Amino acid sequence: MSGRGFELLAISVDAPDQREAIREFRDEYELSFPILLDPERDAYRRYGVYGVPETFLVDVRGRLAERFIGPRNWDDPRYARAIERLLPERGFRGEHD
């Protein structure tokens, strides 16, 4: 979905001294998306996170579209469809209506 307006971000609530462990985790699983640090748990509180992992699908206007609590098999087609519904039909240029 790269180039179609989809962006994946991870947020870690680990302490700043865990940066190396986070890098090792990213490298071990060959993750290509950014992992942001939120040791003060600002995003955690703002989104009302119950536990980890939680996944939030946010539309192009920044509105929460869907929330998934707990681990998921992201290869399952229903999750791809949930994301597809949020993507612009065509011609995405990063613009908002």
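Read-outs: derived from the displayed coordinates by stated rules, not from any lab. Remember, predicted model here, so these are calculated numbers, not experimental data. Using ideal geometry, Cβ is built from the backbone for each residue, glycine included, and neighbour counts are taken over all protein chains shown.
Highest mobility in the GNM of the chain, judged by mean-square fluctuation with C-alpha springs under 10 Å and restricted to Ala80, Ala65, Ala43, is found for Ala80. What the Cβ-Cβ distance of Asp59 and Arg26 gives, at R0 = 35 Å and to the nearest 0.05, is a FRET efficiency of 0.85.
Considering only Leu57, Phe33, Ile22, the residue lying farthest towards the positive end of the dipole of segment 10-84 is Leu57, judged by Cα position with unit charges set on Cβ.
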